[in-house]
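The values are calculated or read from the model by the stated rules, or taken from the named source; none is laboratory data. Being a predicted model, the structure only gives us computed values, none of them experimental. So basically every Cβ, Gly included, is an ideal-geometry build from the backbone, and we count neighbours across all protein chains shown.
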Amino acid sequence: MPLAVLAGAVVLVVSVVVGMAQLVSVGPVLKGRLPHLGGLPPVEHAVSRFHVRWYAVTMIFLAFDMEMIFMYPWAVVVATMGTAAVVEMFLFLAILLAGVVYAWREGALRWT
């Protein structure tokens with residue numbers, strides 16, 4: 001009996017969701033005429049290639065994104081771990097800074 005009630009509830013929820021989607025959907029004529037994301041028509045093709053200089057910027061962004069992933073749990077335990085945690089985090093930040101200085105020195109951040 002409980003399985004039949006659950007199955008009925010699932011069918012009901014799916015029916016309501018599909019029905020609401022059909023009720024509020026935009027017709028196919030309007031879909032092709034509306035701008036996509038920012039309200040402006042696209043200037044170039046969606047799968048156009050990016051200049052190679054953007055990959056260096058992406059790698060630096062990912063490095064600092066990983067820094068934040070490691071800093072949030074560190075901030076929770078730094079009070080209990082003491083000086084060792086602070087030293088380890090400054091070592092981690094120094095390694096990241098060395099990478100940025102190296103990229104800067106090699107000209108990876110130069111746009112011209």
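Quick rundown of the values:
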| item | result |
| --- | --- |
| Complete set of residues in region 67-112 that are surrounded by fewer than 13 Cβ atoms within 10 Å (Cβ to Cβ), of a type in the set (D, E, K, R) and not in a loop (DSSP other than H, G, I, E, B) | R105, E106 |
| Hits in region 18-66 (condition: among the hydroxyl-bearing types (S, T, Y), modelled with pLDDT under 80 and surrounded by 10 or more Cβ atoms within 10 Å (Cβ to Cβ)) | S25 |
| Of all residues making up region 58-94, the number that are within 15 Å of the chain's Cα centre (by Cα) and aliphatic (A, V, I, L, M) | 7 |
| Tabulated pairs, region 94-112, first among the aromatic types (F, W, Y), second part of a helix (DSSP H, G or I) and surrounded by 12 or more Cβ atoms within 10 Å (Cβ to Cβ), C-beta under 9 angstrom, 6+ apart or interchain | W111/R53 |
